[in-house]
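Colleague: Have a look at this one before I ask anything.
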Amino acid sequence: MLSILMRAGSFIAIIALGYLLRKAGFFKAEDFDTLAKISIRITLPCAIITSFAGKEIDMALLSLPLMALACGAVYIAIGFMMNRGNDREIRAFDMLNLAGYNIGTFVIPFAQSFLGAMGVVAVSIFDTGNAVICLGGAYSLASMVKDGSGFSLRRLARALGTSVPFVTYILMLSMNLLSLPVPAFVRSVAEVGSGANAFVAMLMIGVGFRLEANRSQLGHIARIIGIRYALATVFALCFYFLTPFALEIRQALVILAFAPIGSAVPAFTREMKSDAGLSSAINSIAMVISITVIVSLLLIML
């Protein structure tokens, strides 16, 4: 228990460091984008390569992307149905801000530290389905509701094709299933980058932490957060008790269920010309809640 608390405490300390350094002026707003690029395009792909290399994947795990898509679809549907009496703006906002998981820069560092290589593999495979929701699926559906525009399959395909983590997931999964080895030099470099992933990701979260909502929006925030984590509890119980996977995989899925909202959601909210400040506040609050819940779950499960 002490080792889990110390490790989790180090994550929280790095997040706090990033936040305090931004407040002190050491980091500027644009530095968040730089850290995000390092995390998403360098250290996260390295962590994916390291986790997949040399591992034998159970074919049953290929159902995980479908589970991710199903979870995303439920969140989007709830966002739509609970606002049938509201205007299109609120309905579209809730559809977008309920769906998707922050896996690459949030869950994978936890999985690396607490759940072992197969836990990271399971999380990575799940994220291939989650990426469809986070990188354009939820946005396209929400935009369609807001302004009546059609679903953009081309936009979604372009977003997925230019996502370095998604392409890395697909490449490593394909190589694994075809029993193709990762070159020794690539694996060696990836191991170095993988070691930096947790630090860079947590620092990035701290630098990007913002609460920009006003008091009149507290009710809306409470509704989004309440529905999000109520459904997360249902999903976590289903993942743990109803899926046939090994314990390590089920533990990873429980952590996934309580992942915060996707980090790209505020940017998509801004692009949809909705309230990006409110979206950022929801995203940041979800970070705090997810850290608290996940650390508590790790203490119970491990």
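Colleague: Taking the condition of being buried (at least 18 other Cβ atoms within 10 Å of the Cβ), more than 29 Å from A142 (Cα to Cα) and either touching an Asp or Glu at 6+ places or on another chain (Cβ under 7 Å) or not β-branched (V, I, T) (or both), how many residues in region 152-201 meet it?
Modeller: 8
Colleague: Starting from residues that are touching a residue at least 24 places away in the same chain (Cβ under 8 Å) and not hydroxyl-bearing (S, T, Y), keep the ones in region 165-179 and report whichever is farthest from G193 (Cα to Cα).
Modeller: By that ranking, first place goes to L177.
Colleague: Pick out the one residue from S279, S263, S290 that is within 24 Å of V132 (Cβ to Cβ) and in a loop (DSSP other than H, G, I, E, B).
Modeller: Just one listed residue meets the conditions, S263.
Colleague: Taking into account only those residues within region 195-234 that are polar (S, T, N, Q), without any contact (Cβ under 8 Å) to a residue 60 or more places away in the chain and part of a helix (DSSP H, G or I), which is farthest from F32 (Cα to Cα)?
Modeller: Step by step, filter region 195-234, then rank; the result is T233.
Colleague: Which numbered condition in (1) hydrophobic (A, V, I, L, M, F, W, C); (2) over 16 Å from the mean Cα position of the chain (by Cα); (3) more than 17 Å from Y101 (Cα to Cα) is the only one that A142 fails?
Modeller: For A142, the exception is condition (3).
Colleague: Mind listing just one residue for me: the one in region 126-153 that is modelled with pLDDT of 90 or more and polar (S, T, N, Q) and, of those, nearest to F106 (Cα to Cα)?
Modeller: Per the stated criteria, the residue is N130.
Colleague: While we're looking at this one, here's another question. For G85, indicate whether it is under 24 Å from S39 (Cβ atoms) and either part of a helix (DSSP H, G or I) or not charged (D, E, K, R) (or both).
Modeller: no
Colleague: Out of everything in region 191-206 that is hydrophobic (A, V, I, L, M, F, W, C) and more than 17 Å from the chain's Cα centre (by Cα), what residue ends up being nearest to A267 (Cα to Cα)?
Modeller: A196
Colleague: Let me ask something additional. Given the structure, is I57 under 23 Å from the mean Cα position of the chain (by Cα), of a type in the set (A, V, I, L, M, F, W, C), in a loop (DSSP other than H, G, I, E, B) and surrounded by fewer than 20 Cβ atoms within 10 Å (Cβ to Cβ)?
Modeller: For I57, the condition - under 23 Å from the mean Cα position of the chain (by Cα), of a type in the set (A, V, I, L, M, F, W, C), in a loop (DSSP other than H, G, I, E, B) and surrounded by fewer than 20 Cβ atoms within 10 Å (Cβ to Cβ) - is met.
Colleague: Determine which member of the set G119, G100 is among the small types (G, A, S) and within 21 Å of R270 (Cα to Cα).
Modeller: Answer to the selection: G100.
Colleague: Let me ask another. Which residues, taken from region 33-54, are of a type outside the set (A, V, I, L, M), surrounded by fewer than 20 Cβ atoms within 10 Å (Cβ to Cβ) and assigned to a helix (DSSP H, G or I)?
Modeller: Across region 33-54, the qualifying residues are D33, T34, K37, R41.
Colleague: Condition first: of a type outside the set (V, I, T), under 18 Å from N102 (Cα atoms) and in contact (Cβ under 8 Å) with a residue 60 or more places away in the chain. Can you find one or more residues in region 181-192 that meet it?
Modeller: No; the residues of region 181-192 include none that is of a type outside the set (V, I, T), under 18 Å from N102 (Cα atoms) and in contact (Cβ under 8 Å) with a residue 60 or more places away in the chain.
Colleague: Follow-up. Just to be sure I understand the filter: pairs with C-beta atoms under 7 Å, separated by 6 or more residues or on different chains, first member in region 246-267 and free of Cβ contacts under 8 Å to residues at least 24 places away in the same chain, second member of a type in the set (S, T, Y) and assigned to a loop (DSSP other than H, G, I, E, B). Which pairs pass?
Modeller: R250/T243
The values are calculated or read from the model by the stated rules, or taken from the named source; none is laboratory data. Everything numeric in this text was worked out from a predicted model, so none of it was measured. Counting neighbours? That spans all protein chains shown, and the Cβs are built from the backbone with ideal geometry, glycine included.
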